[in-house]
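The values are calculated or read from the model by the stated rules, or taken from the named source; none is laboratory data. Just so it is clear, the model here is predicted, and its values are computed rather than measured. Please note: Cβ atoms are built from the backbone with ideal geometry, for glycine as well, and neighbour counts cover all protein chains shown. When the accessible area is computed, the model is the full protein with side chains, heavy atoms only, and any ligands, DNA or RNA have been set aside. Shrake-Rupley method; radii C 1.70, N 1.55, O 1.52, S 1.80 Å.
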Amino acid sequence: MSRDFVGALLQLNAEKQVPRDQLIRTIEEAIQAAYRRTEGDEDIQVRIDPETGKIRVFRARVVVGDVEDPATEFTVDEAHAFDADAKVGDLIETEQLDQEHFGRIHAQTAKQVVLQRLREAERDVVFDQFASREGEMITGTVNRVEPRAIILDAGRGVEAILATTEQSTAEHYRIGQNVKAFVLEVRRSTRGPQIYVSRTHKGFLKRLFELEVPEIHAGTVEVKAIAREAGSRSKVAVDSRQDGLDPVGATVGQRGARVQAVVAELGGEKIDVIPWHEDPSVFVANALSPAQVLGVDIDEEHRIASVTVPERMLSLAIGREGQNARLAAKLTGWRIDIRSDVSVAEAKAAEAAKAAEAARASAPASKKKSAAAASAAVATGTEGQAAAKPKRATAKKVGETETVDPAAADTKAAKTAKAAANKPSRRASLPVMLIPPGLWKHRGRVLRP
């Protein structure tokens with residue numbers, strides 16, 4: 001029986017992945033609890049030899065200075081009757097129990113308690129295993145699809161919950177499909193540990209790059225920041241810890257092979273890899289890629305970055321529905337104000353005009369009088385020039401008299417009569433059509449009889 005017991009322990013150890021010491025301790029506590037269900041058996045202890053599988057059941061008490069529970073404790077003087085070297089804190093065995101004391105009811109109770117404790121031990125082991133993997137990536141198989149979540153089989157009877165809010169809109173799942181996911185949280189429950197995973201978290205994108213880019217996994221290339229809108233577009237800022245290593249080139253890979261593998265895993269999501277820089281103005285300019293940036297003004301107090309771009313690049317810098325600027329702001333942590341160079345020039349011109357007007361308004365009164373006198377002199381000179389210049393004859397209004405030169409009038413009348421005589425007559429140029437006898441007209445058409 002001892003060999004069978006040891007074999008059962010080894011089998012449980014292999015199936016449940018529960019450590020052997022924890023299995024033995026769990027069985028000891030289960031048998032001990034089954035014995036203690038009888039009144040007066042609170043001091044029963046159980047020990048199992050892991051090598052031989054032999055079970056020892058005995059009564060024992062703890063040596064204390066002041067006894068609070070006589071069923072499980074006794075004083076040092078009482079303990080000296082069983083062990084002369086007993087001291088406070090020792091567990092002293094008082095009676096050895098045989099197998100006959102362990103009846104059928106105790107055996108059934110012990111069996112139920114052992115099974116229950118084994119399940120609890122297995123859950124604890126699984127919980128500890130997955131709790132240590134929070135923030136990491138796991139691979140599961142789609143077990144079933146529910147209205148609000150997809151249930152993944154993570155192995156060992158553990159299910160991972162991929163909620164609808166943590167799914168990408170560009171992806172579709174089917175039963176039996178292998179899916180990678182990012183572990184958000186592990187919770188205890190009566191049915192075992194519950195694992196909540198995500199495919200929209202920016203940590204999932206970082207783990208995918210660690211999987212595809214050896215430099216990121218080794219630490220020579222560091223992912224500084226990530227801004228992501230799952231299913232649409234993401235921006236990743238990388239920096240190199242090794243001199244001479246291009247972080248963007250290492251991340252993208254030869255002909256974009258590495259980043260394309262990540263894009264394929266994310267269902268075609270666009271990814272922009274940009275170099276990180278400690279200077280905020282340079283970092284903001286890089287974050288607005290692929291748009292060209294002319295200048296960046298940093299306001300440290302209000303955390304605002306004013307960016308100037310060419311007029312033709314304004315829509316590209318802002319992006320569709322402001323996506324490019326929004327992702328750049330998330331990536332850098334700065335509020336970004338984008339303006340075109342044309343609007344900046346117009347604003348500067350308006351400010352210069354306002355400044356000039358304010359300067360003129362604030363000029364002294366003497367300067368104003370001198371300016372008025374100079375203006376009056378200029379106006380007087382202009383009037384004199386206008387008086388000296390001969391006037392042109394203009395047509396008078398209705399009701400006014402006009403003096404006309406007779407000779408000029410006769411010349412004009414002669415020219416008008418000559419032009420009228422030279423103009424060909426329209427009636428004379430029309431051909432004359434003669435209708436022979438026997439023909440007549442009807443509604444403008446010539447008809448034969």
> Within the stretch 168-193, which residues are within 18 Å of PRO147 (Cα to Cα) and of a type in the set (S, T, N, Q)?
Replying inline: SER168, THR169, GLN177
> What pairs can you find where one residue is in the stretch 1-26 and open to solvent by less than 70 Å² (accessible area, probe 1.4 Å) and among the hydroxyl-bearing types (Ser, Thr, Tyr), the other is modelled with pLDDT of 70 or more and in a helix (DSSP H, G or I), and their Cβ atoms are less than 9 Å apart, with a gap of 6+ or different chains?
Replying inline: THR26/VAL114; THR26/ARG117; THR26/LEU118; THR26/GLU120; THR26/ALA121
>> Just to be sure I understand the filter: pairs with C-beta atoms under 8 Å, separated by 6 or more residues or on different chains, first member in the stretch 63-86 and touching a residue at least 12 places away in the same chain (Cβ under 8 Å) and small (Gly, Ala, Ser), second member surrounded by fewer than 15 Cβ atoms within 10 Å (Cβ to Cβ) and in a helix (DSSP H, G or I). Which pairs pass?
In response: GLY65/VAL76; ALA86/VAL76; ALA86/HIS80
>> If I filter the stretch 327-348 down to residues being open to solvent by less than 60 Å² (accessible area, probe 1.4 Å), in a helix (DSSP H, G or I) and β-branched (Val, Ile, Thr), which single residue comes out as farthest from LYS270 (Cα to Cα)?
In response: VAL344
> Before we move on, is LEU211 among the aliphatic types (A, V, I, L, M), in contact with a His (Cβ under 9 Å, 6 or more places away or on another chain) and assigned to a helix (DSSP H, G or I)?
Replying inline: yes
> Inside the stretch 109-184, counting only strands (runs of 3 or more DSSP E) that do not spill past its ends, which hold 3 or more residues that are out of contact with any Phe, Trp or Tyr (no Cβ under 9 Å at 6 or more places or on another chain)?
Replying inline: 137-145, 149-155
> Pairs, please: C-beta under 8 Å, at least 6 apart or cross-chain, first residue among the hydroxyl-bearing types (Ser, Thr, Tyr) and in the stretch 51-62, second open to solvent by less than 40 Å² (accessible area, probe 1.4 Å) and not in a strand (DSSP E or B)?
Replying inline: THR52/VAL6
>> Can you tell me which residue is most open to solvent (accessible area, probe 1.4 Å) among those in the stretch 185-200 that are assigned to a loop (DSSP other than H, G, I, E, B) and over 15 Å from GLY267 (Cβ atoms)?
In response: ARG191
>> Pairs please, first residue from the stretch 339-353 and under 19 Å from VAL307 (Cβ atoms), second anywhere and assigned to a helix (DSSP H, G or I) and open to solvent by 50 Å² or more (accessible area, probe 1.4 Å), Cβ atoms under 7 Å, 6+ apart in sequence or on different chains.
In response: SER340/GLU311; ASP341/GLU311; VAL342/GLU311
>> For the stretch 36-53, give me each residue that is within 23 Å of ILE92 (Cβ to Cβ), modelled with pLDDT of 75 or more and either open to solvent by 50 Å² or more (accessible area, probe 1.4 Å) or part of a helix (DSSP H, G or I) (or both).
In response: ARG47, ASP49
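Matching residues to (1) on the phi > 0 side of the Ramachandran plot; (2) touching a Pro at 6+ places or on another chain (Cβ under 9 Å); (3) open to solvent by 40 Å² or more (accessible area, probe 1.4 Å); (4) not hydrophobic (A, V, I, L, M, F, W, C):
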{"position": "PHE74", "(1), (2), (3), (4)": "no, no, no, no"}
{"position": "GLN112", "(1), (2), (3), (4)": "no, no, yes, yes"}
{"position": "LEU115", "(1), (2), (3), (4)": "no, no, yes, no"}
{"position": "VAL126", "(1), (2), (3), (4)": "no, yes, no, no"}
{"position": "THR139", "(1), (2), (3), (4)": "no, no, yes, yes"}
{"position": "ARG144", "(1), (2), (3), (4)": "no, no, yes, yes"}
